[in-house]
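The values are calculated or read from the model by the stated rules, or taken from the named source; none is laboratory data. Please read all numbers here as calculations on a predicted model, not as lab measurements. Cβ atoms come from the backbone with ideal geometry, glycine included; neighbour counts cover every protein chain shown.
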Amino acid sequence: MASPLAPDPSAYDREFTFSRIGMVQRRMVWGYMDHMLQMPGMRVLELNCGTGTDAVHLARNGHRVIATDLSEEMLKVAREKARQFGVEDRIQHQRLGFDEIQVLSIPPVDLVLSNFGGLNFIDADHHARLVDPIADALKPGGRFIAVLMPDRCMAETVYHLLRGRWSEAFRRGRHDPVWAGLSGSGAVTWYHAPERLIQTFSSRFRLVHIRPIGLFVPPTYLEHRFGHRTALLERLARLDTRFARWRWTARYADHFLVDLERIR
């Protein structure tokens, strides 16, 4: 991930990537992304690639990926995944933080991807400093897809309110960052309003679409309560799909996907 305090790679894969909730949420992102990347051989720059699951998926679909992350431990796992799936020739792994995007010496790409909360590890002012480097990395008309945790989450709020945990129910709405843990590790995390992110990037991007990822599907830390209930998760995922056309719901999901097109 994008932070030096990122979770241990094995814990991240166990508790998010390969959790049933995590797989359901990732499937939603892939469904949207694959519909956009219909032409084979497109070039993708992935930020905060983590353990490389998205890069492998993209490469298996015929695309070329530059997968970057600040954590060398994450990249080690990502390289091994690429080798196991036989796509190492289509993925270039590179240790790179957000502030180093502009030093990349690569031809412009079709897509810049930041999946599942990498941009939650930095604040809104930091987002503003990324607008030009991300736009400059893209071809004219190229797309930037980011998946972040918003400053509201309906499922999380309801879950904690029913248990009388008032401070936990509304923790995302705090202006200060919070510590998001995972197996004894984690990172300082900011929760961002979708409208503010869109406004930040509006000088060089236009909004194509925004949709909820996990409006009814719960956060992955509830895996112990929902992970074994496969049929229920599938029903909740279908509800997510049904509500995806209502853009305002994105702010109340566990994550939101924003698709931005470079305009200049």
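Looking at LEU119, LEU111 in this structure, which one is in a helix (DSSP H, G or I), of a type outside the set (Lys, Arg), out of contact with any Asp or Glu (no Cβ under 7 Å at 6 or more places or on another chain) and within 22 Å of ARG26 (Cα to Cα)?
Unique residue meeting the criteria: LEU119.
Name the one entry in ALA82, ALA55 that is closer than 20 Å to GLY31 by Cα and in contact with an Asp or Glu (Cβ under 6 Å, 6 or more places away or on another chain).
Of the residues listed, the single one that is closer than 20 Å to GLY31 by Cα and in contact with an Asp or Glu (Cβ under 6 Å, 6 or more places away or on another chain) is ALA55.
For ARG26, only one of the following conditions fails: (1) part of a helix (DSSP H, G or I); (2) modelled with pLDDT under 70; (3) buried (at least 18 other Cβ atoms within 10 Å of the Cβ). What is its number?
Just one mismatch for ARG26, condition (2).
Considering only the range 224-242, state which residues are closer than 13 Å to ILE213 by Cα and among the hydroxyl-bearing types (Ser, Thr, Tyr).
Within the range 224-242, THR241 is the sole residue that qualifies.
Can you tell me which of (1) small (Gly, Ala, Ser); (2) crowded, with 17+ Cβ neighbours inside 10 Å; (3) part of a strand (DSSP E or B) is the one GLY141 doesn't meet?
All conditions pass for GLY141, except number (2).
Residues checked against (1) among the aliphatic types (A, V, I, L, M); (2) under 30 Å from PRO133 (Cβ atoms); (3) surrounded by fewer than 15 Cβ atoms within 10 Å (Cβ to Cβ):
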site: ARG174; (1), (2), (3): no, yes, yes
site: LEU197; (1), (2), (3): yes, yes, no
site: ARG206; (1), (2), (3): no, yes, yes
site: LEU215; (1), (2), (3): yes, no, no
site: LEU222; (1), (2), (3): yes, no, no
site: THR249; (1), (2), (3): no, no, no
site: LEU257; (1), (2), (3): yes, yes, no
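Tell me yes or no: at least one residue of the range 52-75 is under 21 Å from LEU96 (Cβ atoms), acidic (Asp, Glu), touching a strand residue (DSSP E or B) at 6+ places or on another chain (Cβ under 9 Å) and at pLDDT below 90.
The answer is no; no qualifying residue exists.
What helices (runs of 4 or more DSSP H) lie completely within the range 173-264 and have 2 or more residues being over 22 Å from LEU111 (Cβ atoms) and of a type in the set (Asp, Glu)?
Per the criteria, 230-243.
Answer yes or no as to whether LEU113 is touching a His at 6+ places or on another chain (Cβ under 6 Å), hydrophobic (A, V, I, L, M, F, W, C) and modelled with pLDDT of 95 or more.
The answer is no for LEU113.
Considering only the range 57-95, state which residues are assigned to a strand (DSSP E or B) and within 20 Å of LEU138 (Cβ to Cβ).
If the condition is that a residue be assigned to a strand (DSSP E or B) and within 20 Å of LEU138 (Cβ to Cβ), then ARG64, VAL65, ILE66, ALA67, THR68, ASP69, ILE91, GLN92, GLN94 are the ones that fit.
May I ask you to say which residue of ALA135, ALA155 is under 18 Å from THR220 (Cβ atoms) and among the small types (Gly, Ala, Ser)?
ALA155
Which of the residues spanning the range 32-56 are within 14 Å of the chain's Cα centre (by Cα) and not in a strand (DSSP E or B)?
TYR32, MET33, ASN48, CYS49, GLY50, THR51, GLY52, THR53, ASP54, ALA55
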